[in-house]
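Here the structure comes first, spelled out in structure tokens, and everything after it is commentary.
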Amino acid sequence: MSENYLTKEKIDDLQPRKFMRVDVGSCGSMFVFKGIVRRDKTEKGFVKEIFYEVYEEMAENEIGKVKHDALNKFKVEDIYLKHRIGRVRVGEVSLLVAILSAHRKSGIEAIDYIIDEVKFKVPIWKKEIFEDGSYRWREDNARYKR
């Protein structure tokens with residue numbers, strides 16, 4: 001059975017420990033990154049929420065590849081990833097990445113790599129919705145930096 005990386009449900013801070021396959025006590029570090037929707041001020045006003053549009057089958061496959069690559073590239077014991085799709089309000093978590101590793105350096109490198117790769121490779125688009133109801137589609141600059 002394949003893992004599901006996308007969810008419409010709120011992401012719980014304690015989720016990683018429930019789903020990781022490795023005993024946390026056997027590792028020296030656990031890093032958790034939470035990407036949170038910001039109340040950015042733009043020329044259109046303040047962001048109220050972001051709607052994440054996704055090509056689900058391709059996104060699931062690409063996130064799985066990123067996870068697999070990171071497990072092979074870095075000395076980490078386990079990785080947990082969840083990305084919200086649909087409507088995500090300011091202050092809510094849109095991306096959660098947790099890494100279990102024996103040592104901190106490999107965990108830090110892996111989490112940084114995963115965040116960049118997900119932003120670059122996964123077909124997820126952001127629609128910023130402003131307090132007045134107007135919106136704009138946001139280009140993810142990470143896709144254009146390589």
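The values are calculated or read from the model by the stated rules, or taken from the named source; none is laboratory data. The shown structure was predicted, so the numbers you read here are calculated from the model rather than taken from an experiment. Here the Cβ positions follow ideal geometry from the backbone for every residue, glycine too, while neighbour counts run over all protein chains shown.
Quick one: in the stretch 56-90, which of the residues that are of a type outside the set (Lys, Arg), touching a strand residue (DSSP E or B) at 6+ places or on another chain (Cβ under 8 Å) and more than 30 Å from residue 27 (Cβ to Cβ) is surrounded by the most Cβ atoms within 10 Å (Cβ to Cβ)?
Restricting to residues being of a type outside the set (Lys, Arg), touching a strand residue (DSSP E or B) at 6+ places or on another chain (Cβ under 8 Å) and more than 30 Å from residue 27 (Cβ to Cβ), the top hit is 90.
Can you find a residue in the stretch 124-139 that is surrounded by 14 or more Cβ atoms within 10 Å (Cβ to Cβ) and within 12 Å of the chain's Cα centre (by Cα)?
Yes, the stretch 124-139 contains a residue that is surrounded by 14 or more Cβ atoms within 10 Å (Cβ to Cβ) and within 12 Å of the chain's Cα centre (by Cα).
Return a yes/no flag: does the stretch 48-56 have any residue that is in a helix (DSSP H, G or I), within 15 Å of residue 122 (Cα to Cα) and not hydrophobic (A, V, I, L, M, F, W, C).
Kept after step one, since they are in a helix (DSSP H, G or I), are these residues of the stretch 48-56: 56.
Narrowing the set further to residues that are within 15 Å of residue 122 (Cα to Cα) leaves 56.
Those still in the list that are not hydrophobic (A, V, I, L, M, F, W, C) too: 56.
Yes, because at least one residue in the stretch 48-56 is in a helix (DSSP H, G or I), within 15 Å of residue 122 (Cα to Cα) and not hydrophobic (A, V, I, L, M, F, W, C).
Return the pair list, or none, for Cβ contacts closer than 8 Å from residues in the stretch 109-127 that are under 16 Å from residue 77 (Cα atoms) to residues that are in a helix (DSSP H, G or I), at least 6 apart or on different chains.
110/70; 110/73; 113/70; 113/73; 114/66; 114/67; 114/70
Within the set of pairs 6+ apart or on separate chains, which have a first residue in the stretch 48-60 that is in contact (Cβ under 8 Å) with a residue 24 or more places away in the chain, a second that is among the aromatic types (Phe, Trp, Tyr) and surrounded by 13 or more Cβ atoms within 10 Å (Cβ to Cβ), and C-beta atoms under 7 Å apart?
If the second residue must be among the aromatic types (Phe, Trp, Tyr) and surrounded by 13 or more Cβ atoms within 10 Å (Cβ to Cβ), the pairs left are 48/130; 53/125; 60/5.
State whether one or more residues within the stretch 81-89 are on the phi < 0 side of the Ramachandran plot, at pLDDT below 95 and under 16 Å from the mean Cα position of the chain (by Cα).
To start, the set of residues in the stretch 81-89 that are on the phi < 0 side of the Ramachandran plot comprises 81-85, 87-89.
Remaining after also requiring at pLDDT below 95: 81-82.
From the residues that got through so far, the ones that are under 16 Å from the mean Cα position of the chain (by Cα) too are 81-82.
Checked against the condition, which is being on the phi < 0 side of the Ramachandran plot, at pLDDT below 95 and under 16 Å from the mean Cα position of the chain (by Cα), the stretch 81-89 yields at least one hit.
Does residue 99 meet the test of being in contact with a Phe, Trp or Tyr (Cβ under 7 Å, 6 or more places away or on another chain) and part of a strand (DSSP E or B)?
Details: in contact with a Phe, Trp or Tyr (Cβ under 7 Å, 6 or more places away or on another chain): yes; part of a strand (DSSP E or B): yes.
Against the criterion (in contact with a Phe, Trp or Tyr (Cβ under 7 Å, 6 or more places away or on another chain) and part of a strand (DSSP E or B)), residue 99 qualifies.
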